[in-house]
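The values are calculated or read from the model by the stated rules, or taken from the named source; none is laboratory data. Keep in mind that this is a model prediction, so the values were computed, not measured. Every residue, glycine among them, receives a Cβ derived from its backbone with ideal geometry; neighbour counts consider all protein chains shown.
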Amino acid sequence: MRKFLPYVSIFAFSLAVRSGADDLPAKLNFDRYKAMLDHSPFAVATAVVAPAATPNFAKDLYVANAAKSADGDMVTIASMTDKDFKKYLTTKTPSDGYAISSIEWSDKVGETKVTISKDGQYATLTFNQSELSKPVPLRAGAVPAPAPFQQPPSGFRAPNMATPTPHVRGVIQRNPTVPQQPTPNSSAEE
């Protein structure tokens, strides 16, 4: 009987495995976990992307000149990024789709505001303050204006004032040669 015991245990094990395989449920589809993955509190949050805004047509534009005239007000607009871009606008006629909507005149230099429109969009432009602070370039033959007086820095001496001469120390020799003096004993012996 001992000879058959290992065979019986193998046979019993195979019957148990075969009968247990029939009792196992079918493999579940992974789609059943999709809802849990989509609404998981542990998932990495994704940023909400805003719809692409239309670029502002006047983001680099500024008022270069503005003038009042009997024929209508005139404005020159320029671009900070494109030095070749200049539009000459009047209140009567638009130019290349650009039109003047309104002008807020100011008595102060650089304070005038111009509202322009293009393709249904509006923008209010002002003078470029960095351009206003630049010096006016000289024309050929023009005499430059004298520079405004500025206070000299502290410790500055005017050129017409006498300055004391500094003390200059003489040169110190590295190996000085000392003149030898005749000894009184040697001259008496002769």
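Give the residues of region 54-74 that are over 30 Å from the mean Cα position of the chain (by Cα) and either under 15 Å from ALA123 (Cβ atoms) or among the charged types (D, E, K, R) (or both), sorted by residue number.
If the condition is that a residue be over 30 Å from the mean Cα position of the chain (by Cα) and either under 15 Å from ALA123 (Cβ atoms) or among the charged types (D, E, K, R) (or both), then LYS68, ASP71, ASP73 are the ones that fit.
So ALA53 fits all but one of (1) modelled with pLDDT of 65 or more; (2) surrounded by fewer than 10 Cβ atoms within 10 Å (Cβ to Cβ); (3) in a loop (DSSP other than H, G, I, E, B); (4) among the aliphatic types (A, V, I, L, M); what number is the exception?
Of everything listed in (1) modelled with pLDDT of 65 or more; (2) surrounded by fewer than 10 Cβ atoms within 10 Å (Cβ to Cβ); (3) in a loop (DSSP other than H, G, I, E, B); (4) among the aliphatic types (A, V, I, L, M), ALA53 misses just condition (1).
What number of residues within region 113-148 satisfy the criterion of being under 18 Å from ALA58 (Cα atoms) and either at pLDDT below 65 or in a helix (DSSP H, G or I) (or both)?
3
Search region 89-109 for residues being in contact with a strand residue (DSSP E or B) (Cβ under 7 Å, 6 or more places away or on another chain) and not small (Gly, Ala, Ser), and hand back the single one that is surrounded by the fewest Cβ atoms within 10 Å (Cβ to Cβ).
It comes out as ASP96.
Just checking, does region 166-174 include any residue being modelled with pLDDT of 70 or more and either closer than 30 Å to ALA64 by Cα or in a strand (DSSP E or B) (or both)?
Looking through region 166-174, none of the residues is modelled with pLDDT of 70 or more and either closer than 30 Å to ALA64 by Cα or in a strand (DSSP E or B) (or both).
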